[in-house]
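Trainee: Quick one: the structure is below, questions incoming.
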Number of protein chains: 2
Amino acid sequence: MTQGPSKRALGIDFGGTSVKLAVVNDLGEIEKRAVFSTAESAIPAAWLDAVEVACKEMGLERESVRDALVGIGVGAPGFVDYTAGHVHDLTNVRGWKDVQLRGLIEERFRIPAYIDNDVNAMAAGECAFGAGRDYSHAVFVTLGTGVGGGLLVDGRIFRGAHSMAGEIGHMSVQLDGVKSPQGIGGLEQYVGNRRLADKAKRAIKRGTKSLIVDLVDGDLNAISPKVIATAARKGDELALGVFDFAAKCLASAFASLIYLIQPQAIIVGGGVAQSGKVLFDPLQAHLKERLSPVFYERVEIKMAKLGNDAGVIGSASLAMR
Amino acid sequence: MTQGPSKRALGIDFGGTSVKLAVVNDLGEIEKRAVFSTAESAIPAAWLDAVEVACKEMGLERESVRDALVGIGVGAPGFVDYTAGHVHDLTNVRGWKDVQLRGLIEERFRIPAYIDNDVNAMAAGECAFGAGRDYSHAVFVTLGTGVGGGLLVDGRIFRGAHSMAGEIGHMSVQLDGVKSPQGIGGLEQYVGNRRLADKAKRAIKRGTKSLIVDLVDGDLNAISPKVIATAARKGDELALGVFDFAAKCLASAFASLIYLIQPQAIIVGGGVAQSGKVLFDPLQAHLKERLSPVFYERVEIKMAKLGNDAGVIGSASLAMR
């Protein structure tokens, strides 16, 4: 007989568009959900009110939160000091500069609160309940508009000297590569969503034949990694080439990080990771070419498991450790 | 009044040519030294005998080692499992495959022994007694024939999932770069001793004028990083160019590792680091260009302090923690 859940936490996935909430139990299962619009909660006080309303929708009055839950975890999109529970700045949310969010939540709900950046929260979730649960040393990477990362060291999220570690998207893969405010040759400049779409678009404009053109009905601005993946699965050469290049860039950064910190596994999530085999097969091949066998044989590359729920489950897991 | 030393350990710097030994106190001072030739101690039993003889030279009979010292630390050049105290394989020393060195030392001297790879031992020494003593998150890099690395995380040497972390020399700085058994574009392929000398040599053979030619009396095979540094200090353009290129490659790998694990400091030692300003000035400049200000302002690049004694002091420090 399997044991039932013994405790629950509220996970808040604070996104640029919407704020998703869920009551998650210690088996990693979502028991209740709610959501509100980020725009409706521009300032922290309004955000707290909206969280309170969402809790009510999930059957939790303000006074009962404390009895039903062990804590509240928040994953926020930006620069966050986990130790202080302090939000320095949220890239895509106005009005959130220097907010002592932990203090505000604890005052309102009289329950321990934990604030981390969104990718760290997702990494914590994958490691507690997803593809990383068997590892104590793992790296979590999200592939989307940008490339984010979270590190698990000795079973805990590793934050570095000033809470800013894990910026895999800014690791350099090219000595004289693309310049950005974060440096030169950063991984994100090669494998971000838009970069992949642009690469396909440019090749088509140069005259390369591709199934992609049909898939978007000739509207090249509609090209997305998802469309490219569909074409790749049907054997389209251009599409396969785009994924091979993305895989090579990822493998370069992964090889560097494996040589540096030697994790047991790298767990890859986010939209682009949904492409599946067309990304992961060339990724394994390039990685094999870029690592000595003693390192290659000792690391696993895995697809993330929690999908769109990684944010809420991960945020909740911050409060359940 | 400063406090005197309260304990001592034996540090053994096991090199490919010679084995250096020193009694080191807990202020990081060397009190006695000895040395024997690596060739004279091909097999572990002969090596242990030679250590015993060296101890006698330093006034320590086999029976008194236990009373005089808290432990013995060994830094060995190769693949070592620190936790098991086991030497898997030493790259440049024949006859050392699968040796349970900790067990052998503890049996002979009846005192705790600690075995680590040489770069980790040096990193431990710099962090305990050298340029890293103020940091709990630091990266130690040695620049020589190869490029080695050791990581300090939360005040302890970090070894990764299988005791092999810290291989900074194999981090990739170039997507389609130089191939080696360790991968593609590895840092060491660009900034190793011989690579720097070859770079200067090739330019001179192509007809570039340089002070270097005079410094080696026309013998291009005598070119070394030391000679190039001397020329650079006198303003020689070719020599300055060689160091600028090395600095750019180092800065690329350093930027990647800073984004990934955000140490407080990177401590650079080994022969090439002795070049001083001609290396460190362009290194700072390139690093500034390759990091966002919030990261650049939060990391220090320092020259190692222990020099040739880093090995014995570091090995001894393993036994004093």
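The values are calculated or read from the model by the stated rules, or taken from the named source; none is laboratory data. What you see is a predicted model, and the numbers here were worked out from it, not measured in a lab. Here the Cβ positions follow ideal geometry from the backbone for every residue, glycine too, while neighbour counts run over all protein chains shown.
Trainee: Report yes if A:Ala231 is more than 30 Å from A:Ala84 (Cβ to Cβ), touching a helix residue (DSSP H, G or I) at 6+ places or on another chain (Cβ under 8 Å), surrounded by 19 or more Cβ atoms within 10 Å (Cβ to Cβ) and more than 14 Å from chain B (Cβ to nearest Cβ), otherwise no.
Mentor: On the way: more than 30 Å from A:Ala84 (Cβ to Cβ): yes; touching a helix residue (DSSP H, G or I) at 6+ places or on another chain (Cβ under 8 Å): yes; surrounded by 19 or more Cβ atoms within 10 Å (Cβ to Cβ): yes; more than 14 Å from chain B (Cβ to nearest Cβ): yes.
Criteria met by A:Ala231.
Trainee: Considering only residues of the stretch A:275-301 that are modelled with pLDDT under 95 and under 15 Å from A:Leu250 (Cα atoms), which is surrounded by the most Cβ atoms within 10 Å (Cβ to Cβ)?
Mentor: Within the stretch A:275-301, the match that is surrounded by the most Cβ atoms within 10 Å (Cβ to Cβ) is A:Ser275.
Trainee: Mind checking whether some residue in the stretch A:72-90 is of a type in the set (A, V, I, L, M), assigned to a helix (DSSP H, G or I), on the phi < 0 side of the Ramachandran plot and touching a helix residue (DSSP H, G or I) at 6+ places or on another chain (Cβ under 7 Å)?
Mentor: Here is the first cut: in the stretch A:72-90, the residues of a type in the set (A, V, I, L, M) are A:72, A:74, A:76, A:80, A:84, A:87, A:90.
The next check asks that each one be assigned to a helix (DSSP H, G or I); those that pass are none.
Within the stretch A:72-90, none of the residues are of a type in the set (A, V, I, L, M), assigned to a helix (DSSP H, G or I), on the phi < 0 side of the Ramachandran plot and touching a helix residue (DSSP H, G or I) at 6+ places or on another chain (Cβ under 7 Å).
Trainee: Which pairs have Cβ atoms under 7 Å, sit 6 or more apart or on different chains, and link a residue in the stretch B:264-285 that is closer than 13 Å to B:Asn193 by Cβ to one that is in a strand (DSSP E or B)?
Mentor: B:Gly270/B:Thr142; B:Gly270/B:Leu143; B:Gly271/B:Leu143; B:Val272/B:Leu143; B:Ala273/B:Leu143; B:Ala273/B:Met303
Trainee: As an exercise: evaluate A:Asp134 against (1) surrounded by fewer than 22 Cβ atoms within 10 Å (Cβ to Cβ); (2) part of a strand (DSSP E or B) and give the number of the one condition it does not meet.
Mentor: The failed condition is (2).
Trainee: Oh, and also: Under the condition of being over 20 Å from B:Tyr259 (Cβ atoms) and among the small types (Gly, Ala, Ser), which residue from the stretch A:182-209 is surrounded by the fewest Cβ atoms within 10 Å (Cβ to Cβ)?
Mentor: A:Gly207
Trainee: For B:Val139, work out the one condition from (1) surrounded by fewer than 20 Cβ atoms within 10 Å (Cβ to Cβ); (2) within 14 Å of chain A (Cβ to nearest Cβ) it doesn't fulfil.
Mentor: All conditions pass for B:Val139, except number (1).
Trainee: Can you tell me how many residues in the stretch B:1-39 are charged (D, E, K, R) and modelled with pLDDT under 90?
Mentor: Narrowing the stretch B:1-39 to residues charged (D, E, K, R): B:7-8, B:13, B:20, B:26, B:29, B:31-33.
If we keep only those that are modelled with pLDDT under 90 as well, we get none.
Here the count works out to 0.
Trainee: On the given criteria, is B:Lys288 within 14 Å of chain A (Cβ to nearest Cβ), of a type outside the set (A, V, I, L, M, F, W, C) and either within 30 Å of A:Pro181 (Cβ to Cβ) or in contact with a helix residue (DSSP H, G or I) (Cβ under 6 Å, 6 or more places away or on another chain) (or both)?
Mentor: On the way: within 14 Å of chain A (Cβ to nearest Cβ): yes; of a type outside the set (A, V, I, L, M, F, W, C): yes; either within 30 Å of A:Pro181 (Cβ to Cβ) or in contact with a helix residue (DSSP H, G or I) (Cβ under 6 Å, 6 or more places away or on another chain) (or both): yes.
It is true that B:Lys288 is within 14 Å of chain A (Cβ to nearest Cβ), of a type outside the set (A, V, I, L, M, F, W, C) and either within 30 Å of A:Pro181 (Cβ to Cβ) or in contact with a helix residue (DSSP H, G or I) (Cβ under 6 Å, 6 or more places away or on another chain) (or both).
Trainee: Please specify each residue of the stretch A:168-188 satisfying the condition of being among the β-branched types (Val, Ile, Thr) and facing another protein chain (nearest Cβ under 7 Å).
Mentor: Taking the stretch A:168-188 first, the residues among the β-branched types (Val, Ile, Thr) are A:168, A:173, A:178, A:184.
Selection gives A:Ile168, A:Val173, A:Ile184.
Trainee: Still on this structure, I have one more. Would you check if there is a residue in the stretch A:185-205 being free of Cβ contacts under 8 Å to residues at least 12 places away in the same chain and within 23 Å of the chain's Cα centre (by Cα)? Before you say what the answer is, go through the steps one by one.
Mentor: Of the stretch A:185-205, the ones free of Cβ contacts under 8 Å to residues at least 12 places away in the same chain are A:195, A:198, A:202.
Now narrow it down to the ones that are within 23 Å of the chain's Cα centre (by Cα): A:195, A:198.
Within the stretch A:185-205, one or more residues are free of Cβ contacts under 8 Å to residues at least 12 places away in the same chain and within 23 Å of the chain's Cα centre (by Cα).
Trainee: Quick check on B:Gly85: is it crowded, with 16+ Cβ neighbours inside 10 Å and touching a residue at least 40 places away in the same chain (Cβ under 8 Å)? Reasoning before the result, please.
Mentor: On the way: crowded, with 16+ Cβ neighbours inside 10 Å: yes; touching a residue at least 40 places away in the same chain (Cβ under 8 Å): no.
No, not satisfied.
Trainee: Sticking with this one: Would you list the helices (runs of 4 or more DSSP H) that sit entirely within the stretch B:224-321 and hold 1 or more residues that are of a type in the set (Asp, Glu) and more than 30 Å from B:Pro5 (Cα to Cα)? Quick ask: steps written out before the conclusion?
Mentor: Values: elements: B:225-233, B:237-261, B:277-290, B:293-296, B:310-320.
Fully inside the stretch B:224-321 and qualifying: B:237-261, B:277-290.
Trainee: Return the residue satisfying two criteria in turn: it lies in the stretch B:291-304 and is over 20 Å from A:Gly186 (Cβ atoms) and among the charged types (D, E, K, R), and of such residues it is farthest from the other protein chains (Cβ to nearest Cβ).
Mentor: B:Lys302
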